[in-house]
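A short reminder: the numbers here are calculations on the coordinates, not readings from a lab. Please read all numbers here as calculations on a predicted model, not as lab measurements. So basically every Cβ, Gly included, is an ideal-geometry build from the backbone, and we count neighbours across all protein chains shown.
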Amino acid sequence: MISALHHLFKRLMVASLALCIGFCLILTPFSGRAEAGSMSGNYQDDTLNVARSLQETISLENDAEGRSASAEEAVALITDYISRYRNRSQINKSVSFTTMQTALNAMAGHYKTYSNRPLPDQLKERLNKELSKAEELVVNEA
């Protein structure tokens, strides 16, 4: 009789532990806010910071030593920015976002395809122009 109760108690403990672990696994993804790594959540500030950071990367880009590191950082920043704002309907329809997205896609595309090559001068000029235009547009939209 005691061994039957012991066996039943043991099964009950295992089942309750499994239930607790299951609830933890199910509820954990909903407990925190998913947030892009380096973005603050303020569209205007993030756009200005990303544009300025990428313009600095473009100006330093001819340095062969730091090219791969700066390319990786730029792609990570671009990914954070796009993933943060692409699905926000009020933002992704704005002219500043589409201008910014065009520049970011061109830059990330070059770095992903030609990671060992510097940005061509023509692309640098285009990127600087579009990033400056996006900065101007986002300031005027605010």
*What does the charge dipole of the range 43-141 about its Cα centre add up to, to the nearest 20 debye, if the Cβ of each Lys and Arg holds +1 and the Cβ of each Asp and Glu holds -1?*
440
*Net length gained if the chain between Q90 and L123 were fully extended (0.36 nm per residue, minus Cα distance)*: 9.0 nm
_Taking a virtual spin label 7 Å from the Cα of N49 along the C-beta vector, which residues in the range 69-95 bring their backbone nitrogen under 15 Å of it?_
74, 76-85
*Starting with the highest mean, order 94-101, 124-131, 9-16 by the number of other Cβ atoms within 10 Å, averaged over the residues of each peptide.*
94-101, 124-131, 9-16
*Extension reserve of the A76-S38 stretch, reckoned as 0.36 nm per residue once the Cα distance is removed*: 12.8 nm
*Computed E for L5/I26 - FRET, C-beta separation, R0 25 angstrom, nearest 0.05*: 0.20
*Would you list, by chain and number, the lysines whose Cα falls below 23 Å from the Cα of K124, excluding same-chain residues fewer than 8 positions away?*
K112, K133
